[in-house]
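Here's the structure we're looking at; comments come further down.
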Amino acid sequence: MLDIKLLQNDFESVCAKLRIKKVDENLLEQMRTLSLNLKEKRKELEELQAKQNAKSKLFGVYAKEGKDIKELQEELFGYKQQTNLANAGVKVLEGELEKIASIIPNIPDPDVPAGKDENDNVELKKVLTPPVFDFVPKEHWDLSLDWLDFERGVKLAKSRFTVLKNDGAKLARALINYMLDFNAKRGFREVSVPYLANRETLYGTGQLPKFENDLFKIDGEDLFLIPTAEVPVTNLFRDEILDINDLPLMMTCYSECFRKEAGSAGRDTRGMIRQHQFSKVELVSITTPQQSDAVFESMLTCASDLLTSLGLAHRHLLLCGGDLGFGAAKTIDLEVWFPGQNRYREISSISNTRDFQARRAMIRYRDGKKNRLVHTLNGSSLAVGRTLIAIMENYQKADGSVGIPEVLQPYM
RNA sequence: GGACAGAUGGGUGAGUUGGCUGAAACCACAUCCCUGCUAAGGAUGCGUACUCGUAAGGGUACCGAGGGUUCGAAUCCCUCUCUGUCCGCCA
């Protein structure tokens, strides 16, 4: 959620910043007008209520003293009608404002490059060099290892579901355990959370109300399958006021993630790149505004080092404004090298949402006497499925077998 | 799923013959005083949001959520949600 005061006081600069996120300026203008209007109406209502309250108190006193109440009662009745009317007006405005405010995306950081789409993202650096093969490397679905069973995944559920078998299943489990241990050493505490979340939770992190179509909803319940562990883990502290001394809170969480992938029909239909269900180890941090840049760096480093430790060549990509997600002020994607596809592909995404989610979810910390909004950050440690196939493709040998990265061997 | 019970501030927990209760008391917490240290003791402060004000300090709303009755509701009525206990079922 946008800071409404910022919109009221600094309209032009907010507009300018949201222009690269393709936000309709009329909507912002509407939001500003609405909020100013609401403020005024609210003031009127409160003044009415104050008068009404004062008179109402008199009523009790009069009654006790045996004074005549008739006239006062009529006066109060008049107030009542006025406040009811004013109150109804305020509620309407509140509803309208909420409706708009809830779908306006976050403001990009100043260092986010302008740009339209993924083609305008900026490569910050490359880590490790892609392996050189003396044969033509295969794509993971062509490696005949009997690790991935696409057909039976479809049989059990539908397309974009995959069954892991044998060392494939084992490797996925090894990766999860390895990542959690790796993150723990970097100071991230492990949590395990529900895979179903309610509306408030999904609102808090920004999936609702705008992206309901991307979520699997449980029939007959007001619950959704989580699209990422970011949702429950960040919301752990919804409606709470944290002790400043407990910050930053740094957590890591393994979960399954469920996405409808609406709008990506036809894309990555082969293989395990794009699934309706996938495993991911996530990093989530809750910080003070002062700490958030440093924590962002350490999350990024953590994810990048993890890839390095697995011997996987990757690059850091600073997302441009147009490619930035709804809640993110800044995002750096990690893309890993896929020899079979001969290109880098996203495997991790680290975002700072600043106070955007905090305002929605009302996550605050006490700073002396003041309660302030925290900053929330999230990032994939790594997507497990994509890491698995990255290992398959990068560690493949001429005979079709696949090596296991050294650090994972104790976990197999 | 069946039968009861309950939902009040960081916690415990008063308040349910409607006004003096945004909320007692205790605990926790913060600052200060006292004590050689510790323990104990004393004083003061201590919900959230919005809003007016340089500030001190005001105003409004909130006692699970939403609606209703009333001049006035934490207190009465309705709906919903959640929690607890017992029974059934179950990893």
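Of everything in region A:59-68, what is near RNA strand B (Cβ under 8 Å from one of its atoms) and surrounded by 11 or more Cβ atoms within 10 Å (Cβ to Cβ)? Give them in sequence order.
Listed by number, the residues that qualify are A:Phe59, A:Ala63.
I'd like to check something: does region A:88-107 contain any residue that is polar (S, T, N, Q) and over 30 Å from A:Lys330 (Cα atoms)?
No.
Can you spot a residue in region A:264-286 that is more than 27 Å from A:Gly168 (Cα to Cα), out of contact with any helix residue (DSSP H, G or I) (no Cβ under 8 Å at 6 or more places or on another chain) and not in a helix (DSSP H, G or I)?
Looking for residues that are more than 27 Å from A:Gly168 (Cα to Cα), out of contact with any helix residue (DSSP H, G or I) (no Cβ under 8 Å at 6 or more places or on another chain) and not in a helix (DSSP H, G or I), one finds none in region A:264-286, hence no.
For A:Ser349, all conditions in the list (1) under 18 Å from A:Ala303 (Cα atoms); (2) of a type in the set (Gly, Ala, Ser); (3) within 16 Å of RNA strand B (Cβ to nearest atom) hold save one; what is the number of the exception?
Just one mismatch for A:Ser349, condition (3).
Which ones in region A:21-58 are modelled with pLDDT under 90 and away from RNA strand B (no atom under 11 Å from the Cβ)?
Within region A:21-58, A:Lys21, A:Lys22 qualify.
So which strands (runs of 3 or more DSSP E) stay within region A:361-412 end to end and still have 3 or more residues that are more than 16 Å from RNA strand B (Cβ to nearest atom)? Before you say what the answer is, go through the steps one by one.
On the way: elements: A:363-367, A:370-373, A:375-383.
Fully inside region A:361-412 and qualifying: A:375-383.
Condition first: closer than 30 Å to A:Ile241 by Cβ, surrounded by fewer than 13 Cβ atoms within 10 Å (Cβ to Cβ) and among the aliphatic types (A, V, I, L, M). Now tell me which residues in region A:357-410 satisfy that.
Selection gives nothing.
Among the listed residues A:Gly206, A:Gly220, which satisfies the condition of being in contact (Cβ under 8 Å) with a residue 12 or more places away in the chain, out of contact with any Ser or Thr (no Cβ under 6 Å at 6 or more places or on another chain) and among the small types (Gly, Ala, Ser)?
Just one listed residue meets the conditions, A:Gly206.
Considering only residues that are of a type in the set (A, V, I, L, M, F, W, C) and under 13 Å from the mean Cα position of the chain (by Cα), look in region A:350-368 and name the one that is nearest to A:Ile332 (Cα to Cα).
First, the residues of region A:350-368 that are of a type in the set (A, V, I, L, M, F, W, C): A:350, A:356, A:358, A:361-363.
Restricting the remaining residues to those that are under 13 Å from the mean Cα position of the chain (by Cα) gives A:350, A:356, A:358, A:361.
On the way: A:Ile350: 5, A:Phe356: 17, A:Ala358: 20, A:Ala361: 23 Å.
Applying the filter and picking the extreme gives A:Ile350.
For region A:369-383, name all the residues that are over 16 Å from the mean Cα position of the chain (by Cα) and within 21 Å of A:Gly325 (Cα to Cα).
A:Leu373
From A:Lys116, A:Lys155, A:Lys138, grab the single residue that is within 30 Å of A:Ala16 (Cβ to Cβ), surrounded by 11 or more Cβ atoms within 10 Å (Cβ to Cβ) and more than 12 Å from RNA strand B (Cβ to nearest atom).
Details: A:Lys155 fails: within 30 Å of A:Ala16 (Cβ to Cβ); A:Lys138 fails: within 30 Å of A:Ala16 (Cβ to Cβ).
Of the residues listed, the single one that is within 30 Å of A:Ala16 (Cβ to Cβ), surrounded by 11 or more Cβ atoms within 10 Å (Cβ to Cβ) and more than 12 Å from RNA strand B (Cβ to nearest atom) is A:Lys116.
Within region A:203-210, identify whether any single residue is farther than 18 Å from A:Ser351 by Cβ and either surrounded by fewer than 15 Cβ atoms within 10 Å (Cβ to Cβ) or among the β-branched types (Val, Ile, Thr) (or both), and answer yes or no.
yes
I'd like to check something: does region A:262-270 contain any residue that is surrounded by fewer than 23 Cβ atoms within 10 Å (Cβ to Cβ) and over 30 Å from A:Ser159 (Cα atoms)?
No, every residue in region A:262-270 fails to be surrounded by fewer than 23 Cβ atoms within 10 Å (Cβ to Cβ) and over 30 Å from A:Ser159 (Cα atoms).
Here are some residues: A:Leu28, A:Leu72, A:Leu76. Which one is in a helix (DSSP H, G or I), of a type outside the set (D, E, K, R) and within 26 Å of the chain's Cα centre (by Cα)?
Result of the check over A:Leu28, A:Leu72, A:Leu76: A:Leu28.
If A:Val61 meets every condition in (1) touching a residue at least 60 places away in the same chain (Cβ under 8 Å); (2) assigned to a helix (DSSP H, G or I); (3) more than 23 Å from A:Val336 (Cα to Cα) apart from one, which number is that one?
Failed condition: (1).
Which condition number in (1) surrounded by 16 or more Cβ atoms within 10 Å (Cβ to Cβ); (2) free of Cβ contacts under 8 Å to residues at least 40 places away in the same chain; (3) farther than 23 Å from A:Asp117 by Cα is the one that A:Ser349 fails?
Failed condition: (3).
Please work out which residue is nearest to RNA strand B (Cβ to nearest atom), limiting yourself to region A:69-93 and to residues that are among the charged types (D, E, K, R) and exposed (fewer than 15 other Cβ atoms within 10 Å of the Cβ).
So the residue we want is A:Lys80.
Taking region A:312-330, which residues are assigned to a strand (DSSP E or B) and under 21 Å from A:Ile404 (Cα atoms)?
If the condition is that a residue be assigned to a strand (DSSP E or B) and under 21 Å from A:Ile404 (Cα atoms), then A:His314 is the only one that fits.
Can you say whether A:Val112 is on the phi < 0 side of the Ramachandran plot, touching a strand residue (DSSP E or B) at 6+ places or on another chain (Cβ under 6 Å) and either without any contact (Cβ under 8 Å) to a residue 12 or more places away in the chain or among the hydrophobic types (A, V, I, L, M, F, W, C) (or both), as far as the supplied structure shows?
Yes, satisfied.
Output yes when any residue across region A:331-346 is farther than 21 Å from A:Trp147 by Cα, part of a loop (DSSP other than H, G, I, E, B), touching a residue at least 12 places away in the same chain (Cβ under 8 Å) and within 25 Å of the chain's Cα centre (by Cα), and no when none is.
Checked against the condition, which is being farther than 21 Å from A:Trp147 by Cα, part of a loop (DSSP other than H, G, I, E, B), touching a residue at least 12 places away in the same chain (Cβ under 8 Å) and within 25 Å of the chain's Cα centre (by Cα), region A:331-346 yields no hits at all.
I need the strands (runs of 3 or more DSSP E) fully contained in region A:88-202, keeping only those with at least 3 residues that are modelled with pLDDT of 95 or more and touching a Lys or Arg at 6+ places or on another chain (Cβ under 7 Å).
In region A:88-202, A:122-127 are the strands (runs of 3 or more DSSP E) which contain 3 or more residues that are modelled with pLDDT of 95 or more and touching a Lys or Arg at 6+ places or on another chain (Cβ under 7 Å).
The values are calculated or read from the model by the stated rules, or taken from the named source; none is laboratory data. What you are looking at is a predicted structure, and each value in this text was computed from that prediction instead of being measured. All Cβ positions, even for glycine, are placed from backbone atoms using ideal geometry, and neighbour counts span all protein chains on display.
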